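Worksheet for the structure shown next.
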Amino acid sequence: MRMQSWCTKWTIVVTMALLVGGCAAMTPQPTADSFKSPVVTLDSMEVAHYWGWWFFAKTVQPTKGTAGDYGAPLDLAFVFNVHNPNPFPVMMESLKFTVAFEEFDLNSLSSGETQWIPPGKTNQVRVHGMFDGQQSRLNLMLVGGQKLKEKGVDAFTQLEKWWTTISDGKFPVYVKEGAAVFKADGLVRVSTFSGKYPN
């Protein structure tokens, strides 16, 4: 009786080991040839925080604090869909991109928060970007000065238009030069992406 019980237990243990081993053997493993680059697409852009449009020059004495050139901040959130076309999980290690309002590059954003994407599934990642009125003004004058001149508009007028109409989607916001780094079992893939909002 004890012998029969021992044999039954041993049979169950061996069967379970074979099942687990068989499942592991059936799980596809990434190789240099089979590892496909995941696909990153811009899903949406949201105005996360908004303080209106204003600018104070350093000649204006503040009620409290230190005088300086200060412009209204603008907090935008960019939401991306990240699709894993592989039959094995992949890890997104980082993501970076440039943001342009119309044809003017204003900011470079990045995310270093890692996340695993299951096989055949799509995750979402949200990246916040803070746009400062003063820094954006300097970027416009230094990098986009010629374009502003061709448009016949000054930096303050252009910034005010963007800050006061961005929630209405009245001008295109571009995601450019995007690159996301993915890893699977020591292999690395870099996916490039771009996007526009509104589409």
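A short reminder: the numbers here are calculations on the coordinates, not readings from a lab. For clarity, every value in this text was computed on a predicted model and none was experimentally measured. Because the Cβ atoms are built from the backbone with ideal geometry, glycine has one as well, and the counts that use them run over all protein chains shown.
Figures for the structure shown
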| item | result |
| --- | --- |
| Size of charge dipole - the chain - debye, nearest 20, with Cβ of Lys, Arg +1 and Asp, Glu -1, no other charges | 540 |
| When the chain is reduced to its Cα atoms, the Kirkwood hydrodynamic radius in Å | 20.6 |
| The chain, relative contact order in percent, only Cα pairs under 8 angstrom and at least six apart counted | 25 |
| Kirkwood Rh, angstrom, the range 60-149 [1 / mean 1/r, Cα pairs] | 16.0 |
| 37 °C / 0.692 mPa s Stokes-Einstein diffusion coefficient of the range 126-199, Kirkwood radius on C-alpha pairs, µm²/s | 220 |
| Angle in degrees between helix 155-165 and the longest Cα principal axis of the chain, rounded to the nearest 10 | 50 |
| Tilt relative to the chain, helix 2-26 - C-alpha long axis, 0 to 90 degrees, to 10 | 40 |
| Percent of C-alpha pairs per 5 Å bin, the range 32-111, short to long | 3, 10, 14, 16, 14, 11, 10, 7, 5, 4, 3, 2, 1 |
| Exposed-site-free run, longest, the chain (rule: chymotrypsin sites (Phe, Trp or Tyr not before Pro); DSSP loop; at most 14 other C-beta within 10 Å) | 55-199 |
| Qualifying trypsin sites (Lys or Arg not before Pro) in the range 53-117, DSSP loop, other Cβ atoms within 10 Å at most 10 | 64 |
| Under 17 Å from the Cα of residue 149 - aspartates and glutamates, other chains or at least 8 residues apart | 102, 103, 105, 160 |
| Angle in degrees between helix 133-143 and the longest Cα principal axis of the chain, rounded to the nearest 10 | 80 |
